[in-house]
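Colleague: The structure that follows is given in the form of structure tokens.
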Amino acid sequence: MASPRFFEAPLAYVLSAIAAKCGAVLADENDSSFLCTDVAALDQAGPQHLTFLDNKKYKDQFSATKAGVAIIHPDMRGLAPKGIKLLLSNTPYKSYALAAQMFYPEEWGKVGIAASAIIHPTAKIGKNVSINDFVVIDAHVEIGDGCWIEPHAYIAKGVVIGASCRIGAHTSLSHATIGNNVRLYTGVRVGQDGFGFAIDPSGYVKVPQLGSVIIGDGVEIGANTTIDRGTTGDTVIGAGTWIDNLVQIAHNVKIGKGCIIAAQVGVAGSVELGNYVALGGQAGVAGHLNIGDQARIAAKSGVTKNVPSREEWMGYPAMPMKRFLRQVVTINKLVEKLKKEK
Amino acid sequence: MASPRFFEAPLAYVLSAIAAKCGAVLADENDSSFLCTDVAALDQAGPQHLTFLDNKKYKDQFSATKAGVAIIHPDMRGLAPKGIKLLLSNTPYKSYALAAQMFYPEEWGKVGIAASAIIHPTAKIGKNVSINDFVVIDAHVEIGDGCWIEPHAYIAKGVVIGASCRIGAHTSLSHATIGNNVRLYTGVRVGQDGFGFAIDPSGYVKVPQLGSVIIGDGVEIGANTTIDRGTTGDTVIGAGTWIDNLVQIAHNVKIGKGCIIAAQVGVAGSVELGNYVALGGQAGVAGHLNIGDQARIAAKSGVTKNVPSREEWMGYPAMPMKRFLRQVVTINKLVEKLKKEK
Amino acid sequence: MASPRFFEAPLAYVLSAIAAKCGAVLADENDSSFLCTDVAALDQAGPQHLTFLDNKKYKDQFSATKAGVAIIHPDMRGLAPKGIKLLLSNTPYKSYALAAQMFYPEEWGKVGIAASAIIHPTAKIGKNVSINDFVVIDAHVEIGDGCWIEPHAYIAKGVVIGASCRIGAHTSLSHATIGNNVRLYTGVRVGQDGFGFAIDPSGYVKVPQLGSVIIGDGVEIGANTTIDRGTTGDTVIGAGTWIDNLVQIAHNVKIGKGCIIAAQVGVAGSVELGNYVALGGQAGVAGHLNIGDQARIAAKSGVTKNVPSREEWMGYPAMPMKRFLRQVVTINKLVEKLKKEK
């Protein structure tokens, strides 16, 4: 039920097609040709809409929903209101995401190159590319097939972009090699000089930043996020990593695969993140540290030491989560004790 | 006394006109035709300038001022230097702001559409609009009367903008409905995808972001701030809310009326702020929380629980201000005690 | 050994020329005509490359390097592998920076004005200037000799820019006077309205922001950083100050010379920083405070009091570093003690 002002009218599908695409099975095979016309939230869905239940917390909304179809975990089947058709999935939210993608495929711009775009004759542009108004593409840039470059993007000399990437409006890109299926949101800055200088009484001396930025396949980078290129060697963002808005990634940072970096995080120079690391919003990691695979850093933490794999840390300075929580409790008790003594 | 390089020469007014517009009364009606030619700070004002005193802290500067006229609270009348003309107001700073607006009306761009702007034929553009160089306006966009769109702004498909709005240079807008008298500063990002995905071992699955952003009348949004659209449903910024630079507002956040959100604040997904909430600089609010009306969160706090109306919280994790301050004192005492024991 | 995709091939120099430029002396005068063709890291350098050792930590890499030449401190001469040529410097990193600048001079754009740039007839443009595609320059702007204005920059009415400045892509500049040799990275916002309003029950009243921004010689400002202009009077960034990405500098802030401000720092209105102050990443300084010369604020600190010159502070609220560290130790002990008592 997306607004028609902003989204194309949703496509329609029979349940068998949805089940096949989203990794679910029909609870009742007789529903296979039922036509679904949209996806919607539990409280907004109508009789031809597909909704989902992912969390028991919403069971009351679920029992009152007017949705024609719902994706649910088999274990929650008993909560279903009478008459609703069910798609059973062990991962209902993922199945919903895949179904929603069917109804609302991402709206790429019209294929073609805007008359106002300025493209250097040495640039290589793939097939079925959409290059919008006022885009500037410098010498020797390579753009893969099926990319969408939004208005006002600036892609500097030599940048390589893989296939099926979306480069947001007002993005600046330089000194970068970008994989396939990468999305840079609006206002992203990639490849600018890192913050590098030699201290000197007569004024800081700029250290030339001679590296680049390498972004793996399937990476997503949020609005106004900044990623500096390496000093020597590269700043690396591993495949499948998601980065939110207003994040700072400094020079020579190496980020593994599948990491999740929430908004306003700052990662200082030469930090290494393993695979599947999660950094909560506004967290900061000091320079040259190592955060192990699958480690999780709570929002707003300030990490000043290496964090071992699979550990969960929090605090400023950050420490293992359990210790942090024990500290909070201890301080609270102490305050209460002193209050009583008065 | 603004620099003529950057500002038009101020207009000039007689005191009666100023008093009428800024909600003040003349201490002496005989001054009503005195001509004022500018506004200026206490220590820079000359005999034809208007200044103000809002805080007793500056009473020495006030007694030495060379200003011809001052706006002051009636209670501070006794502090006035000899010969100065007085405008009496119960809200001197507000009165000064209104007077300053008279002398320096906001400089809107020249009415007209730049030859270099690209406007889709289906877009509806109001009267007396200023659309500057390299602006791109997509299909079905609606722009109200008297708007000023600065250079390089990009307004995507279907966006609706009310009357008398100022859309800053390099701003990207999509999936948004904007009220009247709204100011977006430079580099603002509105309507991009929220940070939404389903976890899956084979790679995160993007959840289509099918909502929009609704911005009320009189909202002000600072430079390089980012506001994501809703996943389903909308991200809402209530009327009269002021947001500073580099703020992150995630998907499905609902912000009430008249809130004040200082620079670099982060508000995570689905948070609800009541009316007249104040968030200090660099504060963060975790997802799905509720901050009650008129609550105040101190700068740099990390809010992890609901905050009741009218309470003032601080800390990481945030707690009621009194408790936080007691904690600070308690820890200090403990440190001192252990130091002495040594 | 920078990638030829992104960098021009390095220039080549004989050692005597390098020594002269970078403030080093040849350990053996017989090496003076040895030709160096590139700079490289210890582990990547080949026989015609110049590398450096700045920290004993890397002595093993140093003893294994295949570099033809190294810059080192005279005291570390003993660590040198056999056959390597040496340039001796008391400041090896600075000398390396200067040498690297010789091999890789900053690549300024081609001199000339792009056909797509829009320049007001009253603007004064210096000699040997590079103005790139879709740049907009308003009335009465002055641009000094040898400047490089990257694509999509917008320079509003009256802005003055000195000689040899680099203005990054997508930068917005207004109400500003900028010295020589200044670099603004991509997406920087300078001169927009500060966050100024008078509180009023019927809605906040905007206080006209009538000042400007003054940026001294040699200042460097990182990507997507925002610097608001003064309310009355100016926001000032002193000569030689370096500011990293995503930093917020509010109205009327005065920053001295040679300060270092790391990424995501926030400096609230009317703060004064002395000379050579260092603010760590994500630190925040509350309004109207004074930070003395050479004071150092640790990353993520929240400063709520004036900080005397040369002191090092940390914490939230920030306090002298020693006291902060003592606090951390004290709390840890207390937690351990209570744990044992259980």
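Colleague: First check a/c for region C:13-103, with a ≥ b ≥ c the square roots of the eigenvalues of its C-alpha gyration tensor; if it is under 1.5, answer rounded, and if not, answer prolate when a/b is larger than b/c or oblate otherwise.
Modeller: In terms of gyration-tensor shape, rounded.
Colleague: How high is the FRET efficiency from B:Lys127 to B:Glu312, r the C-beta distance, R0 51 Å, rounded to 0.05?
Modeller: 0.65
Colleague: Moving on. Count neighbours as other Cβ atoms within 10 Å of each site's Cβ, and list the trypsin sites (Lys or Arg not before Pro) in region A:127-221 that are DSSP loop with at most 13 such neighbours.
Modeller: Answer by residue number: A:Lys127.
Colleague: Still on this structure: Given the C-alpha centroids of region B:55-89 and region C:64-82, what is the distance between them in whole angstrom?
Modeller: Taking the Cα centre of region C:64-82 as reference, the centre of region B:55-89 is 71 Å away.
Colleague: For region A:1-84, which trypsin sites (Lys or Arg not before Pro) pass both filters: DSSP loop (anything but H, G, I, E, B) and at most 14 other C-beta atoms within 10 Å?
Modeller: A:Lys82
Colleague: Does region A:208-281 classify as rounded, prolate or oblate by the C-alpha gyration tensor (a ≥ b ≥ c root eigenvalues; a/c under 1.5 gives rounded; else a/b over b/c gives prolate, otherwise oblate)?
Modeller: prolate
Colleague: How large are Rg and Dmax for region C:82-166 when calculated on the C-alpha trace, in angstrom?
Modeller: Spelled out, the Cα radius of gyration and Dmax of region C:82-166 are 18.4, 64 Å.
Colleague: Moving on. According to a simple spin-label model (label point 7 Å from Cα along Cα-to-Cβ), what is the distance in nm between C:Ser3 and C:Lys110?
Modeller: Those two pseudo-labels are separated by 2.3 nm.
Colleague: Per the Kirkwood definition applied to all pairs of different Cα atoms, how many angstroms is the hydrodynamic radius of region B:254-333?
Modeller: 12.2
Colleague: Can you list, shortest first in nanometers, how far C:Gly23 lies from the same residue in the other copies, with each label 7 Å from Cα toward Cβ?
Modeller: For C:Gly23, the inter-copy label distances come out at 5.8, 5.9 nm.
Colleague: Express in nm, to one decimal, how much length is gained between A:Ser16 and A:Asn30 on full extension, taking 0.36 nm for each residue of separation and deducting their alpha carbon distance.
Modeller: Contour length minus the Cα-Cα distance gives 4.1 nm.
Colleague: Continuing with the same structure: Rounded to the nearest Å, what's the spacing between the alpha carbon centres of region A:178-202 and region B:320-342? Just the number, please.
Modeller: Measuring centre to centre over Cα atoms gives 42 Å.
Colleague: Moving to a separate point now. Specify, per residue and in Å³, the volume enclosed by the convex hull of the alpha carbon atoms belonging to chain A.
Modeller: Given the Cα convex hull of chain A, per-residue volume reads 200 Å³.
Colleague: So, with +1 on the Cβ of K and R and -1 on the Cβ of D and E, and no other charges, what is the size of the charge dipole of the protein assembly as shown about its Cα centre, to the nearest 20 debye?
Modeller: 3920
Colleague: Next question. Got the A:Gly83 label distances to the other copies yet, label 7 Å along Cα→Cβ, in nm, shortest first?
Modeller: For A:Gly83, the other copies' label points sit at 8.8, 8.8 nm, shortest first.
Colleague: Which value in Å does the Kirkwood hydrodynamic radius of region A:174-321 take, with 1/r averaged over all unlike C-alpha pairs and then inverted?
Modeller: In region A:174-321 this quantity evaluates to 15.0 Å.
Colleague: Using +1 on the beta carbon of Lys and Arg, -1 on that of Asp and Glu, and nothing else charged, what's the dipole of region A:13-103 about the Cα centre, debye to 20?
Modeller: 160
Colleague: Taking the alpha-carbon set of the protein assembly as shown, what are its Rg and Dmax in Å?
Modeller: 29.6, 94
Colleague: Taking a ≥ b ≥ c as the square roots of the Cα gyration tensor eigenvalues, with a/c under 1.5 meaning rounded and otherwise prolate when a/b beats b/c, else oblate, which class fits region B:260-304?
Modeller: oblate
A short reminder: the numbers here are calculations on the coordinates, not readings from a lab. Given the structure is predicted, the values throughout are model-derived calculations rather than measurements. We place every Cβ from the backbone using ideal geometry, glycine too, and count neighbours over all the protein chains shown.
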